[in-house]
Structures are given as C-alpha cells and as structure tokens.
Amino acid sequence: MKLCYSALSPFVRKVRITAIEHGLLDKIEIVDSDHSDMFKGINAANPLGKVPSLTLNTGEILYDSIVICEYLDNIGEGPKLFPSAGPERWRVLTLHAMANGMTDAAYQRRVDSILPAGEGSPSWAGRLKLSMENCLDEMERQAENYGQNLNIGTIAVACALGYHDFRFGNEQWRDGRPKLARWYEQMVTRPSLASTLPA
C-alpha cells in the first residue's frame, strides 16, 4: 500500500495513528505529496488534489482520511476504532465529524492567512475562528465522557487539538477548558499520538 503524505497534515496524522494502532505502518509505503503549487493541488491521485490517499496493492485508490482509517480498521489487528453498529457508532462518527470540521476550519484559516495580499477574507477567517471556538466549547462539555479509550472520534479530537497548537498556539485553547486540557495531556502521551505530533 502507498500513502500519499504530507508531514504536517492533521488528516494524514489521523491515518498514521490508525495504522500504528493496528500494526500496519510497516506495510505502508510513504509517498510525499507535491508542494510545488499547492493551489493546483498536492496529490494527483485524488481529484480534490488533497492528502491523504491510499493506493491499495490492487491499484484501487481510497480517499479521504475517514475512508482510509475505516479500511485500515477493517484489515488491522487489535481493538476496533470504528464501532460496528448502533448508538455508539453514531456517537463516535458524530464526534469525528465535529473534530474533523474543526480541523478543516483551522486548515482553511491557515490557507487564508498565506494568500497573496488582497485575496484573503478577514470576515471569512473570523467565521472559521468562531466555528473552531464553538467546537472547542462543545469538546469541553463532552471531555469527561471521552475516557482514554481510542476510537476514530477521540483520534480526530486529538488531531484537531494538536493542529490548533501547531498553527494557532497563540490562541491558548486550554484557557477556560480544563477538562479538555486534562484529557488531551493524558491522551497525547499514547505512543501513536506522541510519535506523530507535528513539529
């Protein structure tokens, strides 16, 4: 299998964590993405031009991150990260959707900040920041229920918080969110998360 990769992508990080948790990382060849013109796309294997994508040994290509993660969850060993059915599945997938949406908002803010002069939108960047803040507040309300058991929802939350630290560390998301901060500090010591932190 070949994973089209970008070292700083929180979406790629989610796939790498899943692969590590299932003992699959050594079966995946890492292929670097093309950053020569990010506005044209960095991954020709994905029509959206985004990472990650996973090329299977059959030649079939999977994207985006949640599809790849569920595929790896199906073929890997160890505890499943995707509940199979029922209320728990919908709870975990809804948590994933929120955290993934927060990460996407953060990524869009980052792109907006590096656009050529006059092309960015302060009002849109402000709206994206509000979305991130709303997600952080909801995560604080939920944090005591997360526990230390890993699933695709809690992986996505950890990746969202890690990316927030990396790109918007000056905004201090921990202030006023002690439950979420405590949960994260414990979770990030897990080897699969610690070894994939953006640097």
## Note on the structure
Answer in debye to the nearest 20: the dipole magnitude of the stretch 93-199 about its Cα centre, from +1 Lys/Arg and -1 Asp/Glu charges placed on Cβ, is 140
### Query
Counting only DSSP beta bridges with both residues in the chain, what percent are antiparallel, rounded to the nearest 5?
55
#### Entry: For the stretch 87-190: rounded, prolate or oblate by the Cα gyration tensor [a/c cutoff 1.5]
prolate
### Task
Work out the FRET efficiency for LYS179 and ASN74 from their Cβ-Cβ distance, taking R0 = 25 Å, and round it to the nearest 0.05.
0.15
### Query
Summing +1 for each Lys or Arg and -1 for each Asp or Glu, what net charge is found among the other residues whose Cβ lies under 12 Å from the Cβ of GLY153?
+2
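For LYS179, what is the net charge nearby, where nearby means another residue's Cβ is under 15 Å from its Cβ and Lys, Arg count +1, Asp, Glu -1?
-2
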### Query
Taking GluC sites (Glu not before Pro) that fall in a DSSP loop and have at most 15 other Cβ atoms within 10 Å as cut points, what is the longest piece of the chain between them?
120-199
### Task
Have a look at VAL31, LEU3, TYR163 and report the one farthest towards the positive end of the charge dipole of the chain, computed about the Cα centre with Cβ charges (Lys/Arg +1, Asp/Glu -1).
TYR163
### Query
LEU56 to GLU133: extension gain in nm, 0.36 nm per residue of separation minus the Cα-Cα distance?
24.0 nm
### Summary
When ASP175, ASP32, ASP73 are ranked with the fewest other C-beta atoms within 10 Å first, the list becomes ASP175, ASP32, ASP73
### Query
With a sphere of radius 13 Å drawn around the Cβ of ILE17, what net charge do the other residues whose Cβ falls strictly inside it have (Lys, Arg +1; Asp, Glu -1)?
+2
#### Entry: Fewest-first sequence of SER9, SER84, SER131, SER65 by Cβ atoms within 10 Å of each Cβ
SER84, SER131, SER9, SER65
### Task
Using R₀ = 25 Å, calculate the FRET efficiency as 1/(1 + (r/R₀)^6) where r is the Cβ-Cβ separation of ASN145 and LEU115; round to 0.05.
0.05
### Query
Count the lysine pairs in the chain that are 8 or more places apart or on different chains: how many have C-alpha atoms under 28 angstrom apart?
19
## Note on the structure
Unit-weight point scatterers at every alpha-carbon of the chain, Debye formula, q = 0.13 1/Å: log10 I(q)/I(0) is -0.71
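What ranking do THR18, THR154, THR58 get, fewest neighbouring Cβ atoms within 10 angstrom at the top?
Arranged by neighbour count, lowest to highest, THR18, THR154, THR58 become THR58, THR154, THR18.
Shape of the stretch 95-138 from its Cα gyration tensor (a ≥ b ≥ c, root eigenvalues): rounded if a/c is under 1.5, otherwise prolate when a/b > b/c, or oblate?
Prolate, because a/c is 1.5 or more and a/b exceeds b/c.
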### Query
Calculated FRET efficiency, SER123 and ALA85, Cβ-Cβ r, R0 45 Å, to nearest 0.05?
0.60
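Each value in this text was obtained by applying a stated rule to the coordinates, not by laboratory testing. In this text, all values refer to a predicted model and were calculated from it rather than measured experimentally. Here the Cβ is made from the backbone with ideal geometry for all residues, glycine too, and neighbour counts use every protein chain on show.
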